[in-house]
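> Got a structure for you, questions after.
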Amino acid sequence: MPETIAVYNAAGREIGAEDRAVVYESGLWHASAGVLVRSTDGKRVYVHRRTTTKTVFPGMHDCLAGGVLAPHEDPAEAAIRELSEELGITLSPHTDRPLPVAAASWDGAWAGRPMRCHLFAYELRHDGPFHHQPEEIAAGWWWTDEELRSHLEDPAWPFVPDTRILIPDLLR
């Protein structure tokens, strides 16, 4: 079943909506929201591996639970939705909000096609438990910032490229 997502311009303003497949095939600008989950003591980051059935970046590692924005969706609300869907973390949109920590744009390529995305990153302190969405997350674990940074120093390590651009703003 087709999924409609928000389409943005290069300046980061929502300008319409289109089917997700068309956005990816045509390299249209869109937006995503993701949440870096840190342990409550701030010493660890939750890292996960995407399933091999994902349309974009299958089997790669990430440290943001997130996804694309629906038409007219607020990035913070999308972040809360994605936390619930991917990790089973339920927050109230009015009281428990992840804190915004970074924003960036990624103008790259995936599977030989342009991929353009405005990224909105948030941080949440949470120790679990986590309940992975089996269609999206294959496995997850805790790493310190240093452990994650050491893996990221290897450009061949399969880590999602859009989150990779946010890493300097997210790691300590």
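> Looking at the stretch 52-64, is at least one residue of a type outside the set (Phe, Trp, Tyr), closer than 29 Å to Trp141 by Cα and in contact with an Asp or Glu (Cβ under 8 Å, 6 or more places away or on another chain)?
Within the stretch 52-64, one or more residues are of a type outside the set (Phe, Trp, Tyr), closer than 29 Å to Trp141 by Cα and in contact with an Asp or Glu (Cβ under 8 Å, 6 or more places away or on another chain).
> It is to be established whether one or more residues within the stretch 29-42 are open to solvent by 60 Å² or more (accessible area, probe 1.4 Å) and in contact with a Phe, Trp or Tyr (Cβ under 9 Å, 6 or more places away or on another chain).
no
Quick grid of which residues meet (1) within 17 Å of Arg49 (Cβ to Cβ); (2) among the polar types (S, T, N, Q); (3) at pLDDT 95 or above; (4) out of contact with any helix residue (DSSP H, G or I) (no Cβ under 7 Å at 6 or more places or on another chain):
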site	(1), (2), (3), (4)
Trp106	no, no, no, no
Tyr122	no, no, yes, no
Gly140	yes, no, yes, yes
Asp169	no, no, no, yes
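> It is to be established whether one or more residues within the stretch 9-18 are open to solvent by less than 20 Å² (accessible area, probe 1.4 Å) and touching a Leu at 6+ places or on another chain (Cβ under 8 Å).
No: zero hits.
> Would you mind stating whether Ser32 is under 16 Å from Thr163 (Cβ atoms) and among the polar types (S, T, N, Q)?
Spelling it out, Ser32 is indeed under 16 Å from Thr163 (Cβ atoms) and among the polar types (S, T, N, Q).
The values are calculated or read from the model by the stated rules, or taken from the named source; none is laboratory data. Treat the numbers as computed from the prediction; the structure is a model and nothing was measured. Every residue, glycine as well, gets a Cβ built from its backbone with ideal geometry; the counts of neighbours run over all protein chains shown. These accessible areas exclude ligands, DNA and RNA; they are computed on the full protein's heavy atoms, side chains included. Shrake-Rupley method; radii C 1.70, N 1.55, O 1.52, S 1.80 Å.
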